[in-house]
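Here's the structure, in structure tokens; my notes come after.
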Amino acid sequence: MSADSTFRSSEPLAARMRPRTLGEVVGQRHILGEGKLLRRVIEADRLTTIILFGPPGCGKTTLAEVIAKSTKRAFVRCSGVVSNVAEIRKVCDRARTELGGRGTILFVDEIHRFSKSQQDVLLPYVEDGTVVLIGATTHNPSMFVNTPLTSRSLVFELKPLTPEETVTLLDRAVQDPQRGYGGLTIDFADEAKAFLAEICDGDGRHALTALEVAVRSTPPGADGVIRLTTDIIQECVQRRIVQYDKKEDGHYDTISAFIKSVRGSDPDAAIYWLAKMLVAGEDPRFIARRLVILASEDIGNADPRGLTIAVAAMQAVEFIGMPEARISLAQATTYLATAPKSNRSYEAIGKAMQDVESGRVQPVPEHLKNVHVKAIGAEENAGYKYPHSYAGAWTEQAYLRIPATYYIPSEQGYEATIAKRMEALRGAF
């Protein structure tokens, strides 16, 4: 491909550079390395239903096409976004009649977008061998693909490309004279290449697209050399797109990392995950509500101020909104992350509810009943001892007919003080 034809080609660089054989696939050594399961299945041509899941640009579609070429099967592609039941039946019926001799791989991109009925339509064709289904999804199949389909499938998780693997893709595109820019003279600075490989965050398609924009938009110098600097690459990449779906995996995985970082007392990690959510457009009220829950569940009485600060942050979010509310969320996040931790209150209510739900329900002792609803003939207060009438506002008294211990204070933060007080009270009699 000449320099002129390179620029005239309407096919994007990322599409032109798709690997044609297993040997050309970059990354995914954990499933494609020598002796690994998927490689063995492909080389032995013992294909079954396969579901590939992983982030954008990691090679799901590419791998499906390579599998078809390696096994010399027909390749038919559908989309979970636009395909319907009628189209699925038409494709599968055609595979049964016209393409049956060669064997057909039916590739369904974004299979998680298929409804249950659409996924169910595939089952008979998969079970009788009419097609070998390869589904691709950016979401966890156990949550977004029907169990009858996943139970018949080999599920493989694809990983984001490492920066080194992304550099390999870029070098290949610059040097390939047929599909890439080998017909041009390009000086791709090492620091610019490293920057692009890092900022694309494992998305090979994004990296190749940015390279294409850079090559096409940068005029050659007087010597005919196209020089790609870090500044040029940064301009072509612009702002990194945060991979974050507010209704699916990105949402749940990131808030999980955020909460676990706060619980684990790592304010730096917690602030990073907070920043990622805010940049991606997460609802700050959702973040604030989770902080309120965490303040009671994971900090509790080790630092009672934690709940006050979390609630105040939630109110601030409602009152001032974004972008200023990020400051209040950051304050609450760092405070809660550095606060002493205790989940003893959380454990206490869990144990007590378990007792009640399992049938160990105790009646209210007579001396604790509301005097207005006491049993007819019962004596006023039935022996109830008013704690404030005693020294220290405490006296020994039964509050359960069958004693039980649910709340056991820890030795963390203020809860250590509570533990000492409870020990003193219990040891007084």
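Taking segment 242-276 as the search range and keeping residues that are of a type in the set (Val, Ile, Thr) and at pLDDT below 95, which one is nearest to the chain's Cα centre (by Cα)? Reasoning before the result, please.
To start, the set of residues in segment 242-276 that are of a type in the set (Val, Ile, Thr) comprises 242, 254-255, 259, 262, 271.
Checking the rest, the ones that are also at pLDDT below 95 come to 242, 254-255.
Numbers: 242: 12, 254: 6, 255: 8 Å.
Out of the qualifying residues, it is 254.
Check 279, 317, 292 and return the single one that is at pLDDT 95 or above, in the same structural domain as residue 254 (by TED's automatic domain parsing) and assigned to a helix (DSSP H, G or I).
Values: 279 fails: at pLDDT 95 or above; 317 fails: at pLDDT 95 or above.
Result: 292 is the single residue among 279, 317, 292 that is at pLDDT 95 or above, in the same structural domain as residue 254 (by TED's automatic domain parsing) and assigned to a helix (DSSP H, G or I).
Considering (1) surrounded by 13 or more Cβ atoms within 10 Å (Cβ to Cβ); (2) within 30 Å of residue 181 (Cα to Cα), say which one residue 10 fails and leave the rest.
Unmet condition: (1).
What are the residues in segment 144-169 that are closer than 27 Å to residue 193 by Cβ and touching a Gly at 6+ places or on another chain (Cβ under 9 Å), if any?
First, pick out the residues of segment 144-169 that are closer than 27 Å to residue 193 by Cβ: 158-169.
The answer is 158, 159, 160, 161, 162, 163, 165, 166, 168, 169.
What tally of residues in segment 396-429 results from selecting those that are in contact (Cβ under 8 Å) with a residue 60 or more places away in the chain and of a type in the set (S, T, N, Q)?
Going through segment 396-429 one residue at a time, the tally reaches 2.
Before we move on, is residue 230 among the hydroxyl-bearing types (Ser, Thr, Tyr) and in the same structural domain as residue 51 (by TED's automatic domain parsing)? Full working, then the answer.
Details: among the hydroxyl-bearing types (Ser, Thr, Tyr): yes; in the same structural domain as residue 51 (by TED's automatic domain parsing): no.
Answer is no for this residue.
Go through segment 317-341 residue by residue and tally those that are under 18 Å from residue 270 (Cβ atoms) and in contact (Cβ under 8 Å) with a residue 24 or more places away in the chain.
The first filter runs over segment 317-341 and keeps only residues under 18 Å from residue 270 (Cβ atoms), leaving 317, 325-341.
Restricting the remaining residues to those that are in contact (Cβ under 8 Å) with a residue 24 or more places away in the chain gives 317, 325-326, 329-330, 332-341.
Result for segment 317-341: 15.
Can you pull out every residue in segment 146-181 that is among the hydroxyl-bearing types (Ser, Thr, Tyr), modelled with pLDDT under 90 and not in a loop (DSSP other than H, G, I, E, B)?
Initially, segment 146-181 is screened for residues among the hydroxyl-bearing types (Ser, Thr, Tyr), giving 147, 150-151, 153, 162, 166, 168, 181.
Still in the list and also modelled with pLDDT under 90: 147, 150-151, 153.
Selection gives 147, 150, 153.
So that you can scan it fast, the table gives a plain yes or no per residue for (1) assigned by TED's automatic domain parsing to the domain that holds residue 38; (2) under 23 Å from the mean Cα position of the chain (by Cα); (3) not aromatic (Phe, Trp, Tyr):
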| residue | (1), (2), (3) |
| --- | --- |
| 85 | yes, no, yes |
| 90 | yes, no, yes |
| 93 | yes, no, yes |
| 96 | yes, no, yes |
| 107 | yes, no, no |
| 111 | yes, yes, yes |
| 117 | yes, no, yes |
| 143 | yes, yes, yes |
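Within segment 332-374, track down each residue that is of a type in the set (A, V, I, L, M), under 28 Å from residue 387 (Cα atoms) and within 35 Å of the chain's Cα centre (by Cα). Please lay out each step first, then the result.
Within segment 332-374, the subset of a type in the set (A, V, I, L, M) is 332, 336-337, 339, 348-349, 352-353, 356, 361, 364, 368, 371, 373.
Now restrict to residues that are under 28 Å from residue 387 (Cα atoms): 348-349, 352-353, 356, 361, 364, 368, 371, 373.
Residues satisfying the conditions are 348, 349, 352, 353.
The values are calculated or read from the model by the stated rules, or taken from the named source; none is laboratory data. All values derive from a computational prediction rather than experimental measurement. We place every Cβ from the backbone using ideal geometry, glycine too, and count neighbours over all the protein chains shown.
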